[in-house]
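Visitor: Before I ask anything, here is the structure I am working with.
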Amino acid sequence: MGVLWCRDVADVLIGARWREDAPPQAAAVCNEAGDAAAPVASMATVSVAAGVFLAVALTPLLVSRAFEDDSPAAFSALTETGEIAGWSRTSTPTTTWRPRYLQPPFERFESFTSEGRSVGVYVAFYRHQSGVRKLVSSENVLVASGDIQWLQISAGQRETRIPSGPNRVQTADLSNRAGERLRVWRWYWVEGRWTHSPIYAKALTAFARLSGRGDDSAVVILAMPLATGPDAQQTADAVLESFLGHAIAPLGGELQKMGGRG
């Protein structure tokens, strides 16, 4: 079962076609497990020895990570994204809509404008994740099932052409009772890596935790008003891609600082 599980994880990580390359440790561990032909007793002995070694080697790292602060005060200095070329921060919200992410130690919604266009940026950052507080969860959604104002009317994916950014993002269209429509992009950050895949984000977080590097991770969501007409999505996507091309560096730098790796 251990070998099969290991191969499954490697398939998820190594099989990805995007920039989110699998950690080399995953392939190494799986190859060793797959090539092993030792008797069961020997494997058990090796497993115990490996477990003891890992416990001794990783304990200092795990202990240090356990004491990292995840209170709101720990993120008080990170209240704003850095300057985004060609865009101005505004106090007028792009929209009243907010995604539902449960118990992040830090979250923020900002709005930016440029030449009459407005884009909202939501960031939720997670640390010390658990069964009830974690980045990737069925409870963390763009629109909650009981929401009486907003409805998600479509979902998909889209490739991007942004250097140092995600190669692909999740997309969605939302609408509310008042007739407001939004185009939304969503993706994840884990240890300096971008990915649109919740499965990949979860696997990266698990490997980081097992390696003693903690479980810091985040979701980034962009939202902008969606017009009517046959080309509305394409127009909105073009604006969001242009915005992200300028915003990816300050966003990534901020998340690195949050994760203590800036």
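Visitor: FRET efficiency for GLN152 and ALA178, Cβ-Cβ distance as r, R0 = 22 Å, nearest 0.05? All intermediate terms of the calculation are to be shown ahead of the outcome.
Guide: Values: r = 16 Å, r/R0 = 0.73.
Efficiency, rounded to the nearest 0.05: 0.85.
Visitor: Here is a further query. With a cut-off of at most 15 other beta carbons within 10 Å, and DSSP calling the residue loop, which trypsin sites (Lys or Arg not before Pro) in the range 160-262 qualify? Please list them.
Guide: The qualifying sites are ARG161, ARG177, ARG261.
Visitor: Pull out a ≥ b ≥ c, the square roots of the eigenvalues of the alpha-carbon gyration tensor of the range 122-262, then state rounded if a/c is under 1.5, prolate if not and a/b is larger than b/c, and oblate in the remaining case. The partial results should precede the final answer.
Guide: Numbers: a/c = 2.39, a/b = 1.47, b/c = 1.62.
In terms of gyration-tensor shape, oblate.
Visitor: Please list, ordered by chain and number, the residues whose modelled amide H lies under 5 Å from the amide H of SER217; skip anything fewer than 5 residues away on the same chain.
Guide: Placed amide hydrogens put TYR126 under 5 Å from SER217.
Visitor: A further question follows. What does the C-alpha gyration tensor say about the overall shape of the range 117-170? Classify as rounded when a/c is under 1.5, otherwise prolate if a/b is larger than b/c, or oblate.
Guide: oblate
Visitor: Turning to a different aspect of this structure: How would you order 221-229, 128-136 from highest to lowest mean count of nearby Cβ atoms within 10 Å? Walk me through the numbers before you get to the answer.
Guide: On the way: 221-229: 17.8, 128-136: 15.6.
Result, highest mean first: 221-229, 128-136.
Read the figures in this text as sums done on the coordinates, not as results from a lab. Note that the structure is predicted; figures quoted are calculated from it, not measured. Backbone-built Cβ (ideal geometry, glycine too); neighbour counts: all protein chains shown.
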